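Everything below concerns the one structure shown next.
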Amino acid sequence: FSGILAEDVLWALLELQDRLAATTAWAPGSGRNVTLQDVCYAPLNPTEPGVGDCAVSSVTQYFQNNGTRLALTAPQEDKGTVDWHDHLIYCVNSPLSFKDITALELSCMAAYGGP
């Protein structure tokens, strides 16, 4: 994989998303700081969303925006070692899967619970 799907780009994207999720902005009209949870679309928890409930569309959602999952590797009998490449290919073809067919056995669902 290269370009936008290179591993270093995915790590940079995770870091950027973490920084954006922690960003606050002063809203003079309401007299308080506003955060992502205040303005995001959270379809599965609309009343009191946390950052993880926000429907953020990103390729890193195939790893639930989790660097530990992105870094995982596992031995697999028919393929040698499987890693994020194998999981990503599986998820692109089966985005609604709760568990891929690799030895990683990761979900393709996003951190907020949707596809």
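The values are calculated or read from the model by the stated rules, or taken from the named source; none is laboratory data. Because the structure is predicted, anything quoted here is derived from the model rather than measured. Counting neighbours? That spans all protein chains shown, and the Cβs are built from the backbone with ideal geometry, glycine included. Just so you know, the surface numbers come from the protein's heavy atoms only, side chains and all, with ligands and any DNA or RNA stripped out. Shrake-Rupley method; radii C 1.70, N 1.55, O 1.52, S 1.80 Å.
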In region 66-115, carbon and sulfur make up what percent of the accessible area (probe 1.4 Å)? 54
Select from region 47-114 those chymotrypsin sites (Phe, Trp or Tyr not before Pro) which occupy a DSSP coil region and have at most 10 other Cβ atoms within 10 Å, ordered by residue number. Phe98
Quick calc: nm separation of the 7 Å Cα→Cβ label points for Glu48 and Val34 -> 2.3
In degrees from 0 to 90, rounded to the nearest 10, what is the angle of the helix 84-93 Cα long axis to the longest principal axis of the chain? 80
Residue farthest toward the positive end of the dipole of the chain, with Cβ of Lys/Arg at +1 and Asp/Glu at -1: which of Cys40, Trp84, Trp26? Trp26
At Phe98 and Leu20, where each label point lies 7 Å from the Cα along Cα→Cβ, what is the point-to-point distance in nanometres? 2.9
If I build a Gaussian network model for the chain, linking alpha-carbon pairs within less than 10 angstrom, which residue out of Pro95, Pro49, Pro75 has the largest mean-square fluctuation? Pro75
For a quick check of understanding: with a 1.4 angstrom probe and all protein chains in place, what accessible area in square angstrom does Thr23 have, to the nearest ten? 70
MRE, 222 nm, helices only [DSSP H, n ≥ 4, -39500 (n - 2.57), over the chain, to nearest 500]: -8000 deg cm²/dmol
Relative to the longest principal Cα axis of the chain, at what angle does helix 7-21 sit, 0 to 90 degrees, rounded to 10? 20
Given unit charges at Cβ for Lys, Arg (+) and Asp, Glu (-), the dipole magnitude of the chain about its Cα centre in debye, nearest 20, is 340
Residue-level accessible surface for Asp8, protein heavy atoms, 1.4 Å, Å²: 110
Given DSSP loops and a limit of at most 15 other Cβ atoms within 10 Å, what is the longest stretch of the chain that contains no such trypsin sites (Lys or Arg not before Pro)? 1-78
